[in-house]
Each structure stands twice: as structure tokens, then as C-alpha cells.
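> Mind looking over this structure? Questions follow.
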Amino acid sequence: MDIMLREFGRYVEDAHRTKLFARAIAEQVRPGDVVLDLGTGFGLLALLAARQGAARVYAVEQEPRYLELAHALARDNRLDDRIHWLPGNSSTVALPEQVDVVISETLGQFALEEFTVEYLFDARARFLKPGGRMIPERLALFLTPVELSGPRQRLGERYGESWADISGFDLRRLRQAVLENEVLPYQVHTFGDGDRTLGHPVEAASFVLGQARSSRFLRAVTCKVDQPGTLDGFLGTFEARLSASAVLSTRPEEHLTHWRQVVFPVLPPRSVEEGTPLAVELGFHGGAGWSYLVQP
Ligand SMILES: C[S@@+](CC[C@H](N)C(=O)[O-])C[C@H]1O[C@@H](n2cnc3c(N)ncnc32)[C@H](O)[C@@H]1O
């Protein structure tokens, strides 16, 4: 089974995602523009740019097997005469000309995992005309303290409930350290009925795409409790500004997307009072993944 092809099904069904990219493309792509779609997949954003009147679209995809499908879809929709399909990673391809607009939807589960920051920095430097436009323009990550109704038990069950007696040794401290140092220390979660935010979202990192060179960061964030409750973790959401009027947000109060939300668990859950400051250190370390530490 091709897992990525299954992912494509989720992207197509995420109509909100497509609508926002279509709106940003309508705002940013002018008739006659030359466009780069970085990480075109099955070509949806390239099709949108071509339909918007782009003279040429360079559609780059590192998994060449998707390009055959993308090309056939463009033919089905009578837009293939303006799209040039280029196999390869964007950092290694060459384009025959500079472009007016760089478009990319290479946003990972918590935005950064597909290295969109690094690839868009490279694309802007090598391919974008001076004064050219980028979609997205800016990316920001947020943490919100939350109480969860359902999965509290499940979050605690990772690696077994207790390491209090492992061959007669008390290894609970090791379990805590292992959990806090996971490469992927979060769980994908759909914030829903019975879940509550205990405070406001606090920005943990932000990047101007094309200008920021690296997605790596390590940042101490302090969230404040506005509502007393049980702290089960920190909800991770991101916001991608695609254009002036198209902002993709994974916050629970916004339209649900296929990214849903992520939760960085607090183990064991703890009671928190109104006004309590909660200090979290969050980091992204490229291939080494995420680090996350909640101060006691
Ligand atoms: C999240 S999918 C989105 C596909 C398409 N952009 C869309 O919006 O429907 C990202 C795609 O980008 C490709 N990709 C990611 N980084 C890339 C890079 N630097 N160069 C070329 N392809 C890349 C992946 O192989 C994958 O097919």
C-alpha cells in the first residue's frame, strides 16, 4: 500500500485546506505569472495556479511516481500545456527561469516536520524574482494548556502505566525522562466535546518563510492558567498565513482540518489553579525531532 497516496485522499477531502489555498492563489497569482509549486504531490496547487492564469507552472515533486498521476490529472482538466513536471527534491532541481510566486503546501503534522522553512528559504534565494510572492508567507506555532475528557488514560498508558516495579527496580523517573525526550513527544488529537482550554494560546515559534533559514528553535514559553482544572497537556496548533485574507489555523475554534491538533502530554495530569504560570520548554531540532519539557 502507498501510504502517501492514502494521505492524498485526506488532502482532497480537507475542503477547507483547498479553499484557503485557492483563495491565496487567486490573490497572489496574476495572469501571465510564472509559478513554482514546491512539493506538488498529485498537482492540485499547480492546477489551481494554472487555472488562475499562470503562464507557466513548475511543479516539483521528490517522489517521481506521483508525477505520472499529476500529469494525467492535468490532462483530464485540460491544463497540462502550462505545467512543467520536475522530478526531484527542490534543493537539487534547477529551473530555466525565475518565478513570480512560490507556492508550497509541505506542512507537517505540527507544521515543521517536512522542513518547509528550509526548503522555502532555498527556493526564495534561488528561484524567486525580487519582489516575488510566497504562499505561505508566515508560520507560527502555539501552545495552549488543556484538560482533556477522553484520552487522559491513553496518554498515560504509553510505555505502560507504571515503571514502579521493573524487575524490582523503581524506574518511574526514567519513564518520565523517556516520555519527555521522545522524538515525537506529542499525540495527534482532535479537540472535541468535553475537552477544555485552561488558558490562552501562547506563541512558541514563528517564521517568515523565505527569510528564516532554519526551523530549529528551543524556546521557554510561559502559559497562564485562566480556568482552574486538570492539566493533561499542551495543545499544539499552528497558523499559516497564506495571503492577506487566507489564514490556515488548526485552532479548535476554527474549521477542523486533516492536521487536527497535537497534544504534548503532562504526566501525570495535575490540578492547576487560576493564575498559575506554566513553564514549558519546546524545541525543534531538525532530524532529531522535538524536545519538550514541562517545569515541575
Ligand atoms: C503534504 S504533501 C502536499 C501535496 C500538494 N502540495 C498538495 O497540497 O496537495 C507534500 C508533498 O511534497 C513533497 N515534498 C516535500 N518536500 C519536498 C521538496 N523539498 N522537494 C520536492 N518535493 C517535496 C512530498 O513528497 C509530498 O508529495
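> Going by the conditions given, is residue 40 of a type in the set (S, T, N, Q), within 14 Å of the ligand (Cβ to nearest atom) and buried (at least 19 other Cβ atoms within 10 Å of the Cβ)? It would help to see each step written out before you state the result.
Working: of a type in the set (S, T, N, Q): yes; within 14 Å of the ligand (Cβ to nearest atom): yes; buried (at least 19 other Cβ atoms within 10 Å of the Cβ): yes.
Yes; evaluated as a whole, the condition is true for this residue.
> Restricting segment 97-133 to residues that are within 22 Å of residue 42 (Cβ to Cβ) and in contact with a Lys or Arg (Cβ under 7 Å, 6 or more places away or on another chain), which is nearest to the ligand (Cβ to nearest atom)?
Selected residue: 102.
> What is the residue count in segment 211-226 for residues that are touching an Asp or Glu at 6+ places or on another chain (Cβ under 8 Å), closer than 16 Å to residue 111 by Cβ and either in a loop (DSSP other than H, G, I, E, B) or among the aromatic types (Phe, Trp, Tyr) (or both)?
Number satisfying all stated conditions: 2.
> When residue 154 is evaluated against the numbered criteria (1) modelled with pLDDT of 95 or more; (2) away from the ligand (no atom under 14 Å from the Cβ); (3) charged (D, E, K, R), which criterion, by number, is the only one it fails?
Answer for residue 154: the failing condition is (1).
> Starting from segment 250-264, keep only residues that are in the same structural domain as residue 239 (by TED's automatic domain parsing), then list their pairs with residues that are of a type in the set (Gly, Ala, Ser) and at pLDDT 95 or above whose Cβ atoms are within a distance under 8 Å, requiring at least 6 positions of separation or different chains.
From segment 250-264, the pairs are 261/236; 262/236; 263/236; 264/236.
> Of 237, 257, 250, which residue is β-branched (Val, Ile, Thr), in contact with a helix residue (DSSP H, G or I) (Cβ under 7 Å, 6 or more places away or on another chain) and at pLDDT 95 or above?
Values: 237 fails: in contact with a helix residue (DSSP H, G or I) (Cβ under 7 Å, 6 or more places away or on another chain); 250 fails: in contact with a helix residue (DSSP H, G or I) (Cβ under 7 Å, 6 or more places away or on another chain).
So the residue among 237, 257, 250 that is β-branched (Val, Ile, Thr), in contact with a helix residue (DSSP H, G or I) (Cβ under 7 Å, 6 or more places away or on another chain) and at pLDDT 95 or above is 257.
> Being part of a strand (DSSP E or B) and not β-branched (Val, Ile, Thr) is the filter here; which residues of segment 18-61 pass it?
If we filter segment 18-61 for residues that are part of a strand (DSSP E or B), which is where we start, we get 34-38, 56-61.
Listed by number, the residues that qualify are 36, 37, 38, 56, 58, 59, 61.
> Right, another one. Could you tell me whether any residue of segment 18-30 is crowded, with 18+ Cβ neighbours inside 10 Å, farther than 30 Å from residue 254 by Cα and more than 13 Å from the ligand (Cβ to nearest atom)?
no
> Can you name the residue in segment 1-17 that is within 14 Å of the ligand (Cβ to nearest atom) and in a loop (DSSP other than H, G, I, E, B) and, of all such residues, is nearest to residue 65 (Cα to Cα)? Give the steps one after another, and end with the answer.
We begin by selecting, within segment 1-17, every residue within 14 Å of the ligand (Cβ to nearest atom); these are 2-17.
Those left that are additionally in a loop (DSSP other than H, G, I, E, B): 2, 14.
On the way: 2: 11, 14: 23 Å.
Among them, the one singled out is 2.
> Among the residues of segment 97-112, are any under 19 Å from residue 83 (Cβ atoms), at pLDDT 95 or above, of a type in the set (D, E, K, R) and assigned to a strand (DSSP E or B)? Walk me through how you get there before you give the answer.
Residues of segment 97-112 under 19 Å from residue 83 (Cβ atoms): 97-106.
With the extra rule that they be at pLDDT 95 or above, the set shrinks to 97-106.
Narrowing the set further to residues that are of a type in the set (D, E, K, R) leaves 97, 100, 105.
Keeping just the survivors that are assigned to a strand (DSSP E or B) gives 100.
The answer is yes; a qualifying residue exists.
> Quickly run through segment 67-96 and pick out the residues that are touching a residue at least 12 places away in the same chain (Cβ under 8 Å), within 14 Å of the ligand (Cβ to nearest atom) and in a loop (DSSP other than H, G, I, E, B).
Result: 88, 89, 90, 91, 93, 95.
> What is the number of the single condition among (1) out of contact with any helix residue (DSSP H, G or I) (no Cβ under 7 Å at 6 or more places or on another chain); (2) surrounded by fewer than 19 Cβ atoms within 10 Å (Cβ to Cβ) that residue 58 does not meet?
All conditions are met except number (2).
The values are calculated or read from the model by the stated rules, or taken from the named source; none is laboratory data. Just so we're clear, the structure is a prediction, and the values are computed from it rather than from any experiment. Reconstructed Cβ throughout: ideal geometry from the backbone, glycine too, with neighbour counts over all protein chains shown.
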